[in-house]
Amino acid sequence: MTPPSEGTSGASGSASGEPEAARSDNGEKAEVTPAADKPEQKVSTTAAQETGGAPTAAEPPNLPAEPGTAPEPVVIGERQGMFGSSLGNDTSGYGGLESPILFPAAAVRPYGSYFDEVADALERGLGDGDDTTYGDAVQRVVVDRGELTLHVAREALPAVARALRDDPALRFEVCTGVSGVHYPQEAGRELHAVYHLLSITHGSRRIRLEVSCPDDDRHIPSIVATYPSADWHERETWDMFGIEFDGHPSLTRILMPDDWPGHPQRKDYPLGGIPVEYKGATVPPPDQRRSYS
Amino acid sequence: MTEQTTHETEDIFATSESDRDDAAEGRVFTASGGDWESLAEEAASIGEDRIVVNMGPQHPSTHGVLRLILELDGETVTEARAGIGYLHTGIEKNMEFRTWTQGVTFCTRMDYLMPIFNETAFCLSTEKLLGITDRIPERASIIRVMMMELNRVGSHLVALATGGMEMGATTVMTIGFRERERILSIFEMITGLRMNHAYVRPGGVVQDLPPGAIDKVRDAIPQIRRGIHELELLLVENPILKGRTVDVGYVDLTGCIALGLTGPILRSTGFPLDVRKSEPYCGYETYDFEVQTANTSDAYGRLLVRFAEMYESLKIVEQTIDRLQSTPGPVMIEDKKIAWPAQLSLGGDGMGNSLDHIREIMGDSMESLIHHFKLVTEGFRVPPGQAYVPIESPKGELGAHVVSDGGTRPYRAHFRDPSFNNLQAVAAMCEGGMIADVIVAVASIDPVMGGVDR
């Protein structure tokens, strides 16, 4: 399994070489600075500000939470300036301000709602038969805004999908869709495939699976064998993001023409557009206008 | 008379050498109107059993720019594949370059027969990201429900109308569109536009109902009900229609679940799954309505479900009218950091910002002007995270998966369009049947290519 290395620092890269060790003692293995007697947890924003938004080596931010410790929010990037103007013309005096973009932290038990039940049942379901264990398969559990997100290791996805569909305590019969998200700043896990599952049997329970793959190895196993409804959705995700779903019966482009170069929904693919002249003034194309992201 | 060409092993639409090589496998006929008889004779003279017919994307019976690739053995379809993408407009990509409020203007154009649903799905997801789901004013939710249910009737009417037209029944089409026009006229009065409204916004709806709107809706309901009944009399017991639709496009419950089919297709198997009941949103749990099902699993059952659902929708609309009269505004969230400051009003030169508002920002308060300018040009920030809210659209489960990175624009907005998913059933519904049944089966899915291709 690949531990998600959220930041861009070299230390988290080295930690990915030895995931088991890094996981077992909560980051001390990955610690490269001699400050081993530091308190284990820090307030995330303080840490982020000290390090300019990048996670410190001492705190791999995206590992499964040890019981009893408060997990850190996940830094997925940083924002510069006071207003985030795309043209960089921040004259407020706060132009050098750097603040991290924090995604919701991993959840600690109890998750609340039906989420604990689902997690327990999945742990049991993965326990028997398959050689995939829950600890290997589920890298991180996020409960945010009343939704459960399981970050699943890509090689474990088919087993997890099968368990989710077939286990009587889970019975997620329907995969309502696959969506992709591109995070170019997340080294090693740039491309995410997001699956939404629905269990009708258990009264419309919904969970989300999130699977990531690095940009230079864009492979995720297909779940079409388990959920035939994912067929076109995976084709769309391949078309738009370039994620290759291994084992898909016919992974071809679906929305773009067959001979189209590139994958349009990736962040490095330009929106395109031409400047428009209107009453003497020129309006630039949408992606070149000033924006505040 | 349009041109009609036949070529010995030459495909005039071939774009590459490999395409031409493919064409060398068999003879390619290009039919674009004209003398079909000679074409058929010529095709028959080759003595080839296997014919691949490319139906669409420009074909009056494929429900829009849908391309059906049918492999035929005589008149029997042995293999059916759907080719989509001819109406891909990059709406999801474009939304990443506009503010959250402007995103509504894009997504309303996806499935153009259910614009209000597209808007609501996006807004509910955005509101969940913002954490303001509980703070949406009640009147705004009631208006959303009223608009959605009217829109559901309009969408089902088009489904039946175009379905009838594709089977050759133009009266069905004219009645369907005539009744839908009443709904569009209500929409025009309330939102200013017949389609592509951008009326539902994150935080509520853009403006309150104009004077007279409730009366107009109340007056229209009996007329629409009468029109639906007329259509029902024309269709439901019609022997020709039954001959065309009964046992056509059959998909049972197992198939529906495996293929993720929702909406009338799933309910025609007798399974009463409706997001309005199972995961209520916009206060649907407080309305009195029934989930309509049929038990035939075929195109005829879907037709019955659509009829029954229209009557249920009108029942809900009547309930919303009663509530609207006793529920005063506002129709937009009180939070001034989210709600646009503009108050629209109708002036002598058309719709625009109200004079009171102009007076305030231009004459009285510089801060109001700055606030207005910043909120409209820059937009509001949405806390980082992701959300998915499903709603029950006329075609099935419609959901928006939205991701925010804390900025003023969506980091990613993906729509789970029911038509996109449901079109996967074309092969299951059509293979083994007659070519004429393909038309009926596709019409019973009711795909709208604007939503499929986005």
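When restricted to residues that are more than 7 Å from chain A (Cβ to nearest Cβ) and either among the β-branched types (Val, Ile, Thr) or over 28 Å from residue B:241 (Cα atoms) (or both), the stretch B:391-438 contains 13. Put simply, of A:268, A:287, A:246 the only residue that is touching a Pro at 6+ places or on another chain (Cβ under 7 Å) and modelled with pLDDT under 85 is A:287. Screening the stretch B:414-454 for helices (runs of 4 or more DSSP H) wholly inside it with 1 or more residues that are surrounded by fewer than 24 Cβ atoms within 10 Å (Cβ to Cβ) and in contact with a strand residue (DSSP E or B) (Cβ under 9 Å, 6 or more places away or on another chain) returns the ranges B:426-430, B:435-445. Residues that are surrounded by fewer than 19 Cβ atoms within 10 Å (Cβ to Cβ) and within 14 Å of another protein chain (Cβ to nearest Cβ) do occur in the stretch A:107-122.
Being of a type in the set (Phe, Trp, Tyr), at pLDDT 90 or above, surrounded by 15 or more Cβ atoms within 10 Å (Cβ to Cβ) and over 30 Å from residue A:223 (Cα atoms) is a property that holds for residue B:199. Of the residues making up the stretch B:40-78, just one is of a type in the set (Lys, Arg) and within 14 Å of another protein chain (Cβ to nearest Cβ), namely B:67.
Yes/no matrix, rows are residues, columns are (1) among the acidic types (Asp, Glu); (2) in a helix (DSSP H, G or I); (3) under 23 Å from residue B:139 (Cβ atoms):
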{"position": "B:198", "(1), (2), (3)": "no, no, yes"}
{"position": "B:208", "(1), (2), (3)": "yes, no, yes"}
{"position": "B:211", "(1), (2), (3)": "no, no, yes"}
{"position": "B:216", "(1), (2), (3)": "no, yes, yes"}
{"position": "B:219", "(1), (2), (3)": "yes, yes, yes"}
{"position": "B:222", "(1), (2), (3)": "no, yes, no"}
{"position": "B:225", "(1), (2), (3)": "no, yes, no"}
{"position": "B:233", "(1), (2), (3)": "no, yes, no"}
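In the stretch A:246-280, the residue that is nearest to residue B:449 (Cα to Cα) out of those that are more than 9 Å from chain B (Cβ to nearest Cβ) and aromatic (Phe, Trp, Tyr) is A:260. Filtering B:231, B:259, B:241 for residues that are within 14 Å of chain A (Cβ to nearest Cβ) and among the aliphatic types (A, V, I, L, M) leaves a single hit, B:259. The criterion of at least 1 residues that are out of contact with any Gly (no Cβ under 9 Å at 6 or more places or on another chain) and at pLDDT 85 or above is met by the following helices (runs of 4 or more DSSP H) wholly inside the stretch A:36-137: A:115-127, A:134-137. Taking the numbered list (1) surrounded by fewer than 18 Cβ atoms within 10 Å (Cβ to Cβ); (2) small (Gly, Ala, Ser); (3) under 30 Å from residue A:116 (Cβ atoms) in turn, residue A:222 passes all entries but (1). Checked against the criterion of being at pLDDT 90 or above, crowded, with 19+ Cβ neighbours inside 10 Å, in contact with a helix residue (DSSP H, G or I) (Cβ under 9 Å, 6 or more places away or on another chain) and outside the structural domain of residue A:165 (by TED's automatic domain parsing), the candidates A:207, A:254 yield just one match: A:254. Residue count for the stretch B:346-403, restricted to those that are closer than 29 Å to residue B:110 by Cα and in a strand (DSSP E or B): 22. Within the set B:417, B:437, the sole residue that is within 11 Å of the chain's Cα centre (by Cα) and charged (D, E, K, R) turns out to be B:417. Per the listing A:187, A:225, the residue uniquely touching a helix residue (DSSP H, G or I) at 6+ places or on another chain (Cβ under 9 Å) and either within 12 Å of chain B (Cβ to nearest Cβ) or under 16 Å from residue B:420 (Cβ atoms) (or both) is A:225. Per this entry, residue B:81 is counted among residues that are surrounded by fewer than 18 Cβ atoms within 10 Å (Cβ to Cβ) and within 14 Å of chain A (Cβ to nearest Cβ). Scanning the stretch A:279-293 for residues that are over 22 Å from residue A:181 (Cα atoms) and either part of a strand (DSSP E or B) or among the small types (Gly, Ala, Ser) (or both) yields A:280, A:281, A:282, A:283. The set of residues in the stretch B:262-281 being surrounded by 24 or more Cβ atoms within 10 Å (Cβ to Cβ) and away from every other protein chain (no Cβ under 11 Å) consists of B:263, B:264, B:265, B:267, B:268, B:269.
Within the stretch B:399-408, does at least one residue satisfy the condition of being without any contact (Cβ under 8 Å) to a residue 40 or more places away in the chain, within 16 Å of the chain's Cα centre (by Cα) and surrounded by fewer than 24 Cβ atoms within 10 Å (Cβ to Cβ)? No, every residue in the stretch B:399-408 fails to be without any contact (Cβ under 8 Å) to a residue 40 or more places away in the chain, within 16 Å of the chain's Cα centre (by Cα) and surrounded by fewer than 24 Cβ atoms within 10 Å (Cβ to Cβ).
Flag: residue A:171 does not match the condition of being within 20 Å of residue A:142 (Cα to Cα), of a type outside the set (Val, Ile, Thr) and either touching a residue at least 24 places away in the same chain (Cβ under 8 Å) or assigned to a strand (DSSP E or B) (or both).
Within the stretch A:258-278, take every residue that is assigned to a strand (DSSP E or B) and not hydroxyl-bearing (Ser, Thr, Tyr) and give me the one that is nearest to residue A:192 (Cα to Cα). Checking each candidate, the answer is A:276.
Conditions tested, residue by residue: (1) closer than 21 Å to residue B:188 by Cβ; (2) within 15 Å of the chain's Cα centre (by Cα); (3) among the polar types (S, T, N, Q).
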{"residue": "B:74", "(1), (2), (3)": "no, no, no"}
{"residue": "B:91", "(1), (2), (3)": "no, yes, no"}
{"residue": "B:94", "(1), (2), (3)": "no, no, yes"}
{"residue": "B:97", "(1), (2), (3)": "no, no, no"}
{"residue": "B:117", "(1), (2), (3)": "yes, yes, no"}
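When B:254, B:191 are checked against the criterion of being without any contact (Cβ under 8 Å) to a residue 60 or more places away in the chain, surrounded by fewer than 20 Cβ atoms within 10 Å (Cβ to Cβ) and out of contact with any strand residue (DSSP E or B) (no Cβ under 7 Å at 6 or more places or on another chain), B:254 stands alone in meeting it.
The values are calculated or read from the model by the stated rules, or taken from the named source; none is laboratory data. The structure presented is a predicted model; accordingly, all values stated were derived computationally and were not measured. Cβ atoms come from the backbone with ideal geometry, glycine included; neighbour counts cover every protein chain shown.
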